[in-house]
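Enquirer: Once you've had a glance at the structure underneath, I'll fire off some questions.
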Amino acid sequence: MSMSHAALVRRSIDLIARHQSPSGAYPASPTFSAYRGYCWLRDGSFIAEGVSRHGQARAAGAFHAWCAHVIASHEGRVDALVERAGRGEAIPPGDMLPTRFTLDGAEGSDEWWDFQLDGYGTWLWALAAHTARHGEAVPGADRAIRVAARYLTAFWDTPCYDWWEEHVEQRHVSTLGSLHAGLRAAVDSGALSPAEAEAARGAVRGIGELVRAEGTTGGHLAKWLGSGAVDASLLACVEPFGMVPPDDPLGAATVAAVEESLSEDRGVYRYAADTFYGGGRWPLLTGFLGWNHAAAGRAAEAARCLDWIAAQATPDGELPEQVTDLPLAPGMIAEWEERWGPVGTPLLWSHGMYLILAAELGVRG
Ligand code: BGC
């Protein structure tokens, strides 16, 4: 590793700050062809959580205020969707809220696999974590919390794309985990009306029951309801989303299953059949693995994950989306490079996860 952890922490904070838009939004990657100019609620929430944990209260607050503004501006659309669903109408995925926005909060004109619910739950979770840590209210938060909670309460059991833009026909357990955490956070915020809070609590119960009944396989959480496969995004269902506690056998078995079947020397694959850029190992997923080790008291294991992430940085301290030195599907690397160019670097979510894990381990810049 060429840079010390303290130096990579500083570099990560600096990169994230440098690329934060004046609007508050974070581009997923400032350079990568397919991500440039767009902010994802999922990526951005973990990026903001990373800098929030390293004292960047104002920068993270600006991201949350941007999200609050963008989400609240969709209130009329959410209420119309909820009303249509209430009438029993089948709503096409294209009518649902976007997964990503341009840095000024518009929808943008580039095609994307757009219906994903998880980002709205992840944002509610990250907003609560940031607010509890720094104690300052985010402007416009209460209205946006209500809009996001009404949306998720109405649609949590609707199939949608997963974290990886795949399998729109399935209900993904990691998506359900983020909605579970987000709706709990919304209830705890006190921003919901009594009726909204009651409905959100019902959704949380429903998610928990459905996952226990249909979302497990071989004693661990499953990639989607009824699937026999595992996916590294499931790590988030334990830590940080707490849908399953780390000391619950189901949580412990999930972390163990991901580590056993999807990791190599601490680098973590998304899932066994992955072919995107040849299916390499993702530093941000090693961040989730390390975070789970830290939460379960395995600090030495967590530190090894931090080391592995840092070892993937370029000489000037940029972390990629994935590393393709041990690909699952080597024949697919060239096809993606031709389509979208080299692997996205820097990927700000990778830096966000590095910062989160560093903070868990008390590593500061
Ligand atoms: C990943 C998403 C991510 C997006 C932006 C996609 O390739 O599948 O999880 O949100 O890139 O980083």
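The values are calculated or read from the model by the stated rules, or taken from the named source; none is laboratory data. What you are looking at is a predicted structure, and each value in this text was computed from that prediction instead of being measured. Here the Cβ positions follow ideal geometry from the backbone for every residue, glycine too, while neighbour counts run over all protein chains shown. Surface areas here come from the heavy atoms of the whole protein model, side chains and all, with no ligands, DNA or RNA. Shrake-Rupley method; radii C 1.70, N 1.55, O 1.52, S 1.80 Å.
Enquirer: With the Cα gyration tensor of segment 116-263 in hand, convert its eigenvalues to equivalent ellipsoid semi-axes via √(5λ) and list them largest first in whole Å.
Expert: Working from the Cα gyration tensor, I get semi-axes of 26, 16, 13 Å.
Enquirer: Quick one: which residues, 5+ away or cross-chain, put their amide H under 5 Å from the amide H of Leu221? H built at 1.01 Å from N.
Expert: Long-range HN contacts for Leu221: Thr254.
Enquirer: With 14 Å as the cut-off, how large is the P(r) tail for segment 127-198, expressed as percent of Cα-Cα pairs?
Expert: Every Cα pair in segment 127-198 considered, those over 14 Å come to 62 percent.
Enquirer: Grab the alpha carbons of the chain, take their convex hull, and tell me the volume per residue in Å³.
Expert: Dividing the Cα hull volume of the chain by its residue count gives 125 Å³.
Enquirer: Between the alpha-carbon centers of segment 216-239 and segment 4-32, tell me the distance in whole angstrom.
Expert: Taking the Cα centre of segment 4-32 as reference, the centre of segment 216-239 is 31 Å away.
Enquirer: According to the Kirkwood expression over distinct Cα-Cα pairs, how big is the hydrodynamic radius of segment 1-154, in Å?
Expert: Every distinct Cα pair counted, the radius reaches 16.2 Å.
Enquirer: Ignoring ligands and nucleic acids, what accessible area does Arg212 show with a 1.4 Å probe (Å², nearest 10)?
Expert: For Arg212, the solvent-accessible surface is approximately 120 Å².
Enquirer: Can you pull the percent of the chain's accessible area that's carbon plus sulfur, 1.4 Å probe, other chains left in place?
Expert: Roughly 51 percent, rounded to a whole number.
Enquirer: Please calculate how many Å² of accessible area segment 5-360 carries per residue, with a 1.4 Å probe and no DNA, RNA or ligand atoms counted.
Expert: 36
Enquirer: Moving on to the next point. State the Cα centre-to-centre distance between segment 66-138 and segment 302-332 in whole Å.
Expert: Distance between centres, Cα-based: 31 Å.
Enquirer: Continuing with the same structure: When the label point is put 7 Å from the Cα of Ala7 along its Cα-to-beta-carbon vector, which residues of segment 310-336 have a backbone N closer than 19 Å?
Expert: Under cut-off, by backbone N: 310-320.
Enquirer: On to the next question. Kirkwood Rh over Cα pairs of segment 241-365 into Stokes-Einstein at 25 °C, 0.890 mPa s: D in µm²/s?
Expert: Answer from the Stokes-Einstein relation: 164 µm²/s.
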